[in-house]
């Protein structure tokens with residue numbers, strides 16, 4: 001698998017990342033081990049998790065697999081902090097205390113002395129940004145992380161955080177931003193992508209397959225074993241089960257038929273090769289789903305198809321710009 005640098009940093013990652021949000025809930029340890037092995041064997045290196053995924057079980061499972069299945073040194077290990085679900089509700093806390101305590105807990109669950117990329121999972125209106133970013137400085141200075149990044153920040157938030165970190169020698173420079181980005185979700189192109197490119201941040205798109213919709217699995221309804229049929233994920237997926245999305249899915253399927261490949265491969269290759277993208281993060285429930293994503297590595301979209309997909313997926317207010 002091709003390796004890319006993340007933004008204007010020296011961090012190199014595979015151009016496809018492995019997400020672990022379902023590990024410990026929908027994906028058991030045996031299937032997670034098979035996923036991690038298949039990913040490594042395909043040349044993949046970037047593995048992304050978060051302290052909040054299944055209340056820490058995702059990190060714990062990944063830690064066991066890095067001890068028993070795939071060596072830690074073969075993985076670029078990324079995790080996130082600032083969100084907690086301990087009370088049963090989503091709680092955002094990006095205070096210095098909460099962030100550093102969360103990082104220590106993550107390192108313990110992962111069974112490692114450091115992570116390669118530590119990310120702020122979301123913006124926190126309740127904490128001064130300078131305090132939040134000081135936690136990144138402390139984590140990098142202590143050696144508990146090699147690089148730092150952000151996730152789910154808006155354009156102005158991205159620009160403000162990156163500018164603050166670059167304003168004084170010794171601060172931990174941001175190298176990445178993780179945002180939802182796909183043919184079905186291109187809103188980040190208005191402000192987030194320009195801000196990231198200007199600041200030298202690499203983009204790590206999450207849900208690059210439009211929450212699974214771009215695979216074409218919902219063209220004829222909602223399969224009983226799909227996320228759209230799950231009480232946990234129904235609202236998450238349902239956002240993209242509308243007429244506009246259906247038209248984009250049909251365009252992707254038509255392109256896939258013409259290229260002799262899958263809609264999944266076409267959708268993934270499109271976002272993978274957008275300006276500034278370092279590595280889309282693919283979260284597979286099963287190893288079979290992951291293998292389908294790994295097969296997209298060999299696909300390079302012809303410019304004419306990329307252009308056609310750009311046109312059909314453009315926001316109505318931006319067509320003809």
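None of the figures in this text is laboratory data; all of them are computed from the coordinates on show. Every value quoted in this text rests on a predicted model; they were computed, and no experiment measured them. No Cβ is skipped: glycine too gets one built from the backbone with ideal geometry, and neighbour counts run over all protein chains shown.
Once you've got the GNM for the chain with C-alpha springs shorter than 10 Å, pick whichever of 155, 260, 276 has the biggest mean-square fluctuation. Comparing 155, 260, 276 in a Gaussian network model of the chain, the most mobile one is 260. Here are several values of Cα extents along the principal axes in Å: (i) 52, 47, 37; (ii) 87, 43, 30; (iii) 55, 45, 44. Which one was derived from the coordinates shown? Among (i) 52, 47, 37; (ii) 87, 43, 30; (iii) 55, 45, 44, the one derived from this structure is (i). If you take the Cα centroid of the stretch 248-321 and the Cα centroid of the stretch 93-152, the two points sit 32 Å apart.
Considering helices alone, the calculated mean residue ellipticity of the chain at 222 nm is -12000 deg cm²/dmol, with DSSP H runs of length four and up weighted by -39500 (n - 2.57) and normalised per residue. Each label was represented as a point 7 Å from its Cα along the Cα-to-Cβ direction; for residue 41 and residue 8 these points are 4.1 nm apart.
GNM remark for the chain: springs join alpha carbons under 10 Å apart, and the peak mean-square fluctuation among 151, 14, 306 falls on 306.
Relative to the longest principal axis of the Cα atoms of the chain, helix 129-141 runs at roughly 80 degrees.
Ranking 134, 106 by Cβ neighbours within 10 Å, fewest first, what do you get?
Details: 134 16, 106 25.
Listed from fewest to most nearby Cβ atoms, that is 134, 106.
Once the C-beta distance of residue 57 and residue 259 is scaled by a Förster radius of 51 Å, the resulting FRET efficiency is 0.85 to the nearest 0.05. Full extension of the chain between residue 68 and residue 304 yields a length gain of 80.4 nm, computed as 0.36 nm times the residue separation minus the alpha carbon distance. Axis of helix 29-41 versus longest Cα principal axis of the chain: the two differ by about 80°, to the nearest ten degrees. In terms of packing, defined here as the mean over residues of other Cβ atoms within 10 angstrom, the peptides 53-59, 307-313 line up highest first as 53-59, 307-313. GNM remark for the chain: springs join alpha carbons under 10 Å apart, and the peak mean-square fluctuation among 292, 88, 63 falls on 88. Could you give the angle, 0 to 90 degrees to the nearest 10, between helix 263-272's Cα long axis and the longest principal axis of the Cα atoms of the chain? The angle comes out at about 50 degrees.
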